[in-house]
1. In region 102-123, how many residues are closer than 11 Å to N168 by Cα and free of Cβ contacts under 8 Å to residues at least 12 places away in the same chain?
2. Six or more apart or on different chains, Cβ under 6 Å: which pairs go from a residue in region 124-141 that's polar (S, T, N, Q) and modelled with pLDDT of 95 or more to one that's assigned to a helix (DSSP H, G or I) and surrounded by fewer than 21 Cβ atoms within 10 Å (Cβ to Cβ)? Could you list them?
3. When you go through V237, V252 one by one, which is the residue that is out of contact with any Asp or Glu (no Cβ under 8 Å at 6 or more places or on another chain) and modelled with pLDDT of 95 or more?
4. Quick test for you: out of S112, S156, pick the one residue that is in contact with a Lys or Arg (Cβ under 7 Å, 6 or more places away or on another chain), modelled with pLDDT of 95 or more and small (G, A, S).
5. How many residues are farther than 19 Å from M206 by Cβ and free of Cβ contacts under 8 Å to residues at least 60 places away in the same chain when one looks only at region 230-244?
6. Does A71 satisfy the condition of being over 27 Å from G159 (Cβ atoms) and touching a Cys at 6+ places or on another chain (Cβ under 7 Å)?
Amino acid sequence: MTDTTQGGDGAILDFDLTGKVALVTGGSRGIGKSIALTLAARGADVAINCNTGGQLAEAVCEEIRQLGRKAEFYPHNVGDESEVEKMRDEILRDFGRIDILVNNAGITRDKSFKKMTREMWDAVINVDLTGVFLVTKQFVDPMAERGWGRVINIASVIGEIGNFGQTNYAAAKGGLIAFSKALAREYAKKGVTVNTVAPGFIRTEMTDAVPAEALKVVTDSTPLGRLGLPAEVAAGVAFLASNAASYVTGHVLDINGGYAM
């Protein structure tokens, strides 16, 4: 695959991912599925994590194989340390290494703060924030030892501006942004970049179930006047995963149609 641009100083900006191995958590549907397929289309082999939806994950793997890339899925809960360790062992057995880690897995348990339970709080923090810590812990140091790696964390516009009924989710995604910035500083000189993508309201199965009047409120508040597409988020991830983004670290890439600027 030839996909390069020459910079004005003669540097070659390479968007090709051939020879790289990616892990996408929560990759069986929605944004995660689109990210996995996009990375594969750029040339990467892809390991897919999912906690549920194994049949969906296998279908994504089959699409990736049809692109000529290797793909396997691993049904493990990223919020459980022992499960993450099992996943690491299985991935290293099958792929040998991970060059690009996309922490996309996440859940919501929405409720006004007055009605939110400790169980709802813990569930979201455990998967959306602690899960990122657990998975990254398994793969980032080997990236540093090889002198090249990408960690891309999928946050949310909600982590930047908050939202009614989502104090747990906002805290997790806001924490993820701060986590990414700190990690970027620690690993910058080791050849590993760490960035965050913060999607706005994206059309997925989840938003398909939202009443039309509620979606209208969102689109009316979005300067581009529509919901985003999973492929538009995936395009941002693919850029950050590439050599073309080698001078980008600690960044939050907002993909929200102007909903928050």
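The values are calculated or read from the model by the stated rules, or taken from the named source; none is laboratory data. The model shown is predicted, which means the values in this text are computed figures rather than measured ones. FYI the Cβ positions are ideal-geometry reconstructions off the backbone, even for glycines, and counts take in every protein chain you see.
1. Count: 4.
2. Here the result reads Q138/R88, each pair linking region 124-141 to a residue that is assigned to a helix (DSSP H, G or I) and surrounded by fewer than 21 Cβ atoms within 10 Å (Cβ to Cβ).
3. Criteria check complete, one pass: V237.
4. Answer to the check: S156.
5. 1
6. So A71 fits the description; yes.
Residues checked against (1) basic (K, R); (2) within 21 Å of I35 (Cα to Cα); (3) surrounded by fewer than 16 Cβ atoms within 10 Å (Cβ to Cβ):
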| position | (1), (2), (3) |
| --- | --- |
| G54 | no, yes, yes |
| V60 | no, yes, no |
| G68 | no, yes, yes |
| H76 | no, yes, no |
| E83 | no, no, no |
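Quick grid of which residues meet (1) within 30 Å of I125 (Cβ to Cβ); (2) without any contact (Cβ under 8 Å) to a residue 60 or more places away in the chain; (3) out of contact with any Phe, Trp or Tyr (no Cβ under 7 Å at 6 or more places or on another chain):
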{"residue": "A59", "(1), (2), (3)": "no, yes, yes"}
{"residue": "K70", "(1), (2), (3)": "no, yes, yes"}
{"residue": "Y74", "(1), (2), (3)": "yes, yes, yes"}
{"residue": "N77", "(1), (2), (3)": "yes, yes, yes"}
{"residue": "E85", "(1), (2), (3)": "yes, yes, yes"}
{"residue": "F95", "(1), (2), (3)": "yes, no, yes"}
